[in-house]
Ligand code: ADP
């Protein structure tokens, strides 16, 4: 993704192009008393980030887009498929005890419950498992399908979805994770997982990649 924070030299280049554009890289370099080669990485960053537009044999233009506009444009280039994690799944007949062990071992906060064909049956959150553990039941003998949130009440997403839309869904529904699914004749096959952590990583990538 694109770097929005600009350094001093990049700000200077923007000013020069704003005043003089279209202007060639050569002429920008002259004005700054630098070589074209020194300037090349800055010009590449400014062009990739959308501040400048480069036309062959004409030169650089100032696009006039604000930082906020560019941030929004860049946000709309982040897709689920580029940030999703591997789903951690359990069968609906495993015990609550085993699901708790899986959650710890796999270091996740949400498990997806699937049948033997990887078709989504339900979701288990940390709190679902904690709730089941409060009572005096024997955790090794309660199957997770008794306590899970089940289909069709599961919110899902697809790998082609925009991450910003998924972030809104997580907030609106007050949940931590969504299964990424593929529609098949048997039902929804679980292919991935999107969590608040994935969204946070995408957010950070906007500033640092
Ligand atoms: P926690 O319960 O640990 O705070 P969540 O906020 O993700 O975690 O889950 C809250 C409730 O919503 C739980 O009962 C869980 O089963 C359910 N849930 C979690 N993810 C989904 C989802 N994608 N679709 C529907 N229900 C979900």
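We did not get these values from a lab; they are worked out from the coordinates using the rules stated. Remember, predicted model here, so these are calculated numbers, not experimental data. Here the Cβ is made from the backbone with ideal geometry for all residues, glycine too, and neighbour counts use every protein chain on show.
Observations on the structure shown:
- Nearest-0.05 FRET efficiency for residue 191 and residue 66, computed from C-beta distance (R0 45 Å): 0.75
- On Cα atoms only, tilt of 36-48 relative to the major axis of the chain in degrees: 50
- Relative contact order (percent, whole number), the chain, Cα cutoff 8 Å, 6+ residue spacing: 23
- With R₀ set to 30 Å, the beta-carbon distance separating residue 184 from residue 149 gives a calculated FRET efficiency near 0.90.
- Relative contact order, percent, region 103-204 [alpha-carbon distance under 8 Å, six or more residues apart]: 24
- Dividing the summed -39500 (n - 2.57) terms of all DSSP H runs of n ≥ 4 by the residue count of the chain sets its mean residue ellipticity at 222 nm at -13000 deg cm²/dmol.
- Length added when fully stretched, residue 27-residue 75, from 0.36 nm per residue minus Cα-Cα: 14.0 nm
- Each principal axis of region 1-150 carries a Cα extent, and these read 78, 28, 25 Å when sorted largest first.
- On full extension, the segment bounded by residue 169 and residue 54 gains 37.7 nm, given 0.36 nm per residue less the C-alpha separation.
- For region 140-209, average projected area of the Cα convex hull in nm²: 6.6
- Taking the C-alpha atoms of region 69-209, convex hull volume expressed per residue in Å³: 111
- For region 177-209 versus region 31-62, the gap between their alpha-carbon centres in whole angstrom: 35
- Taking the DSSP bridge list for region 60-131 and keeping only pairs wholly inside it, about 60 percent are antiparallel.
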